[in-house]
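Read-outs throughout are calculated quantities, based only on the coordinates presented, and are distinct from any laboratory measurement. If you're wondering where the values come from, they're calculated on a predicted model, not measured in any experiment. With ideal geometry, Cβ positions are generated from the backbone for all residues, glycine too; neighbour counts draw on all protein chains shown.
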Amino acid sequence: MLSVGSFDGVHLGHVDVISHAVSAGRTAKAQTALITFEPHPRCVLDPANCPPSITSLQEKLAFISAAAVDHAIVMRFDRQLASLSPQEFVDQLSSVMEIRRWTIGFDFAFGRGRTGNAEWLRAHGHDVEVVPPFQIDGHDLHSSEIRRLVRAGDVEAANRLLGRAYAMTGPVEAGDRVGRRLGFPTANIGIEPNKLVPALGAYAGRAVAPEGEFVAALSVGYRPTFGGTQLRVEAFLLDFEGDLYQQRLELQFMRYLHPDIKFPTPDDLVQQLHRDVADTRRFVSP
C-alpha cells in the first residue's frame, strides 16, 4: 500500500489519508509505504513562493512514524524529478517496490505538469483509493490555512487543524543574558532554515527539554525595548532550574498573549513579564 505527497504539517487531513493506507495494508496483510518530498515541490518549481515548512523533515518523519507506517521514504524533489512523466515516475517506483494499491488525497497530482492523478492511475491499471477532503466546520483542510493562522498568531485555531500544538525545535543558543538580568532567564533556540515562524509576540505554551516537559512563557520577536535587530524565539521555563545550553528544546505554542511591544523602560517590561507568566499559568495546565 502506497501513499505519496508532501505531508507538510502532518495535519488531521494527512493523518486521515495515512490511516486509510495503514488500514488497507492491515486488511490486505501488506506493508504500508509513504513517500514524501524534500524540499516542498513549490520551492523548486516556484521559488519566489516557496512556502515555509510547518514541520521540519525530522518532525514530519516522527509524526509519520507515530501513525504506524511501515516505511517512510524521502525523495529529493528537484528539476530532474519534476521533469519525469507520470509513467516514468511510476516506473521508477515500481522498479523498487510492488505497489498493490495507491491511497491518495483528493487533490493528489504527480508527474511533469501535474498530469498524473487518480484517473490516470486507474486508466493505467492501478488500484486507487482516493480519500475525500477532511473537513472542519464545513471547510476543506489545507496546509496553506495552517500557515496563514500561525503567521497571524492564531495558534489556537492552527492547533485545532493540526490536532496538536504548533511547535518549533532547535538547539539552545547563547544569548546576551538580558532575561537573566531581568529575573527571567530565557532559552533561545536556533531557527531551522525555512521553518514557519509564528507572528511576533508573546505566547503561553510548553517546552519539552531532556529534563522533562515544562509550562513556558514564549516570545517571538526582536527585543524592541533594547533595540534588538535579531529575530529570537525564546522560552522562560516555569519552575525550572538548570542549564539548557546546547541542548535541543521543543517549544509548543498554545495561546497568543500580546504583540511584541517596545516598553518605555526595562521596569515596564518586567511588569509585563510577570503578567505573561501569570497568564501562562492560567492558560496552560502543568
The percentage of Cα-Cα pairs in segment 239-284 separated by more than 13 Å is 70
For Gln272 and Glu156, FRET efficiency with R0 = 30 Å and r from the beta-carbon atoms, rounded to 0.05? 0.90
Cα-based reach from Lys29 at 20 Å (exclusive), listing aspartates and glutamates while leaving out same-chain residues under 8 positions away: Asp16, Asp70, Glu98, Asp127, Glu129
For segment 2-141, go through all pairs of different Cα atoms, get the mean of 1/r, take its inverse, and jot down that Kirkwood value in Å. 15.5
Set Lys and Arg Cβ to +1 and Asp and Glu Cβ to -1, take the dipole of the chain about its Cα centre, and tell me which of Ile64, Thr27, Cys43 lies farthest positive. Cys43
Segment 135-286: spread of alpha-carbon positions along the three principal axes, whole Å, largest first, is 49, 35, 32
To the nearest 20 debye, what is the magnitude of the charge dipole of the chain about its Cα centre, counting +1 on the Cβ of each Lys and Arg and -1 on the Cβ of each Asp and Glu? 160
Place the peptides 266-272, 1-7, 21-27 in order of packing, highest mean first, counting for every residue the other Cβ atoms within 10 Å and averaging per peptide. 1-7, 21-27, 266-272
So how far apart, in nm, are the two label points at Tyr245 and Leu182 if each is 7 Å from Cα heading toward Cβ? 2.1
Show me the ranking of peptides 65-75, 98-108 by mean Cβ neighbours inside 10 Å, starting with the highest. 98-108, 65-75
Direction-averaged shadow area of the convex hull around the Cα atoms of segment 5-54, nm²? 3.8
Please report the Cα spread of the chain along all three principal axes, rounded to whole Å, starting with the longest. 70, 38, 38
Which distance in nm do the two modelled labels at Gln58 and Arg114 give, with both placed 7 Å along the Cα-to-Cβ direction? 3.2
Rounding to the nearest 20 debye, state how big the charge dipole of segment 23-154 is about its Cα centre with +1 on each Lys and Arg Cβ and -1 on each Asp and Glu Cβ. 140
Working from the alpha-carbon coordinates of segment 88-209, get Rg over Rh, Rh being the Kirkwood radius. 1.15
Percent relative contact order for the chain, counting Cα pairs under 8 Å at least six residues apart, stands at 16
When the chain is fully extended, how far beyond the present Cα-Cα distance does Ile191 get from Arg148, taking 0.36 nm per residue of separation? 13.6 nm
Run the numbers for Val128 and Val44: contour at 0.36 nm per residue of separation, minus the present Cα-Cα distance, in nm. 27.5 nm
Assign unit charges at the C-beta atoms only (+1 for Lys and Arg, -1 for Asp and Glu), then state the dipole size of segment 151-286 relative to its Cα centre in Debye, rounded to the nearest 20. 280
